[in-house]
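Working notes for the structure below.
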Amino acid sequence: MTTDELEKLLAEQPVSRLHRLAHGRVYRHFRLGKRRLIETLLRCTPEQRSGLESDLQALIQEESGTQQPARERQKPAISRTGRSEWSPAKPASPVEPEPAESPADLTAFLEGIGVPEPKPFVPDAWQEEALEALAVTDVVVSVPTGSGKTYVAIEATKRAIEAEETVIYTSPLKALSNTKFTEFSRLFGADQVGILTGDRRDNAQAPLLIMTTEILRNLLYDAAGGEIDVRLDTLGLVIMDESQYIADPERGVVWEETIVFCPTQARLLLLSASIGNPQDIADWLTSIRPTPCHLIRHHRRSVPLRAGYLHPSGKLTPLFRSVGIPRAPHSPLHPEAKRLFAQYEEETLRPGSR
Ligand SMILES: Nc1ncnc2c1ncn2[C@@H]1O[C@H](COP(=O)(O)OP(=O)(O)OP(=O)(O)O)[C@@H](O)[C@H]1O
Ligand SMILES: [Mg+2]
């Protein structure tokens with residue numbers, strides 16, 4: 001059989017048959033869509049090819065009712081490293097059966113999404129703790145996304161402005177800086193807020209300055225050389241939002257230098273939802289700053305995450321068999337999501353459509 005003939009034959013098979021064929025030959029094939037599965041199977045060596053072809057014929061006959069068992073033989077397998085290996089013979093019979101198709105329960109999946117009932121605002125205990133600690137020392141806040149880190153930033157800013165201190169709020173992105181500038185101008189009044197990014201410079205003498213971290217680092221460099229452009233002499237609080245950027249291979253050094261050069265009279269507030277080792281960061285701050293850094297860390301999600309798969313046709317299905325995102329690394333995908341994904345690959349990766 002030529003490669004083209006084999007490819008055509010494979011393309012005619014249902015994806016479940018291809019998965020059976022891939023078993024022992026292709027590492028983690030259950031994650032592959034039909035087109036990629038075929039491409040991977042076609043990459044087998046010439047020695048493996050005959051085993052593949054005869055297994056395919058046996059599967060076709062077996063599943064079409066002839067019930068002829070697949071021949072017992074040594075069959076070549078593609079290892080995880082892509083090298084050819086010989087694996088012990090295995091019958092082609094029920095291997096890794098496809099789970100029974102259960103309809104996607106979208107009602108359960110979407111339940112609870114919407115605008116919550118208005119309630120009086122009560123700060124969480126960790127928010128109070130952060131603000132209390134910030135009165136005397138640096139604070140690292142590492143809590144899940146949507147937990148309310150902005151409240152801590154705003155309250156701490158209010159308190160600093162009341163004490164006639166300058167506050168600098170940094171973000172890694174110009175777009176986020178612009179958003180915060182608009183948000184904080186509305187909250188504190190336009191005359192109280194300034195912005196300094198690569199593109200904008202407004203109200204640079206305001207008590208609350210929004211800037212990208214790179215701009216603050218440059219200001220601190222200049223200040224170290226005796227050149228003071230903004231109100232650094234009265235700096236009381238530096239908020240570094242999205243501070244997980246400290247781990248960025250290219251930009252992380254900017255966060256490090258900003259922390260190292262941050263005036264000792266100012267308190268640092270590092271906010272992040274995704275620092276893996278916040279204790280290490282807090283320990284490092286403690287080692288280079290005048291006061292011991294206080295760490296706030298928890299993993300409770302105020303807004304539970306749910307993962308779905310949206311096919312371009314508009315069909316939505318839960319991505320996993322559970323409504324939430326499972327913690328296990330290789331959690332089973334919802335059969336409907338698998339089917340839609342395979343359909344998507346079939347539609348988009350058909351030879352000639354790329
Ligand atoms: N104590 C609280 N009780 C109820 N809602 C709160 C509380 N604190 C904050 N929120 C609300 O939670 C939502 C998310 O808050 P916020 O944007 O500050 O999250 P975040 O921790 O900064 O998330 P991200 O990591 O995405 O930046 C906001 O609508 C905010 O008003
Ligand atoms: Mg935030």
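The values are calculated or read from the model by the stated rules, or taken from the named source; none is laboratory data. Just so you know, these numbers come straight off a predicted model, no measurement behind them. Neighbour counts are summed over all protein chains in view; Cβ atoms, including those assigned to glycine, are modelled from backbone coordinates with ideal geometry.
For (1) among the polar types (S, T, N, Q); (2) without any contact (Cβ under 8 Å) to a residue 12 or more places away in the chain; (3) in a loop (DSSP other than H, G, I, E, B), each residue gets a yes or a no:
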site: E7; (1), (2), (3): no, no, no
site: L18; (1), (2), (3): no, no, no
site: C44; (1), (2), (3): no, no, yes
site: Q48; (1), (2), (3): yes, no, no
site: L52; (1), (2), (3): no, no, no
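Looking at this structure, is A175 without any contact (Cβ under 8 Å) to a residue 40 or more places away in the chain, surrounded by fewer than 19 Cβ atoms within 10 Å (Cβ to Cβ), farther than 21 Å from E128 by Cβ and within 16 Å of ligand 1 (Cβ to nearest atom)? Write out each step before concluding.
Numbers: without any contact (Cβ under 8 Å) to a residue 40 or more places away in the chain: yes; surrounded by fewer than 19 Cβ atoms within 10 Å (Cβ to Cβ): yes; farther than 21 Å from E128 by Cβ: yes; within 16 Å of ligand 1 (Cβ to nearest atom): yes.
When the stated conditions are applied, A175 passes them.
Among the residues of the stretch 292-309, what is the count of those that are surrounded by 13 or more Cβ atoms within 10 Å (Cβ to Cβ) and out of contact with any His (no Cβ under 8 Å at 6 or more places or on another chain)? Steps first, please.
Of the stretch 292-309, the ones surrounded by 13 or more Cβ atoms within 10 Å (Cβ to Cβ) are 292-298, 301, 306-309.
Cutting the leftovers down to out of contact with any His (no Cβ under 8 Å at 6 or more places or on another chain) gives us 292-298, 301, 306-308.
Within the stretch 292-309, residues that are surrounded by 13 or more Cβ atoms within 10 Å (Cβ to Cβ) and out of contact with any His (no Cβ under 8 Å at 6 or more places or on another chain) number 11.
Say we look at the stretch 105-150 and pick out the residues that are β-branched (V, I, T), without any contact (Cβ under 8 Å) to a residue 12 or more places away in the chain and more than 7 Å from ligand 1 (Cβ to nearest atom); which of these is farthest from L271 (Cα to Cα)? Give the steps one after another, and end with the answer.
Residues of the stretch 105-150 β-branched (V, I, T): 107, 113, 115, 122, 136-137, 139-141, 143, 145, 150.
Filter once more, keeping what is without any contact (Cβ under 8 Å) to a residue 12 or more places away in the chain: 107, 113, 115, 122, 150.
Filter once more, keeping what is more than 7 Å from ligand 1 (Cβ to nearest atom): 107, 113, 115.
Values: T107: 35, I113: 26, V115: 26 Å.
The selected residue is T107.
Return yes when V323 is under 17 Å from E111 (Cα atoms), out of contact with any Gly (no Cβ under 7 Å at 6 or more places or on another chain) and not assigned by TED's automatic domain parsing to the domain that holds V152 and no when it is not.
It is true that V323 is under 17 Å from E111 (Cα atoms), out of contact with any Gly (no Cβ under 7 Å at 6 or more places or on another chain) and not assigned by TED's automatic domain parsing to the domain that holds V152.
Report the residue count in the stretch 263-277 for those that are of a type outside the set (G, A, S) and at pLDDT 95 or above. Walk me through how you get there before you give the answer.
As a first pass, look at the stretch 263-277 and keep what is of a type outside the set (G, A, S): 263-265, 267-271, 275, 277.
Filter once more, keeping what is at pLDDT 95 or above: 267-271.
Residues meeting the conditions: 5.
When the stretch 239-265 is examined, which residues are found to be within 16 Å of ligand 2 (Cβ to nearest atom) and either more than 26 Å from the chain's Cα centre (by Cα) or closer than 21 Å to A206 by Cβ (or both)?
I239, M240, D241
Sort out which residues of the stretch 118-165 are part of a loop (DSSP other than H, G, I, E, B) and either within 14 Å of ligand 2 (Cβ to nearest atom) or of a type in the set (G, A, S) (or both), and write them in order of number.
Scanning the stretch 118-165 gives A135, V143, P144, T145, G146, S147, G148, A163.
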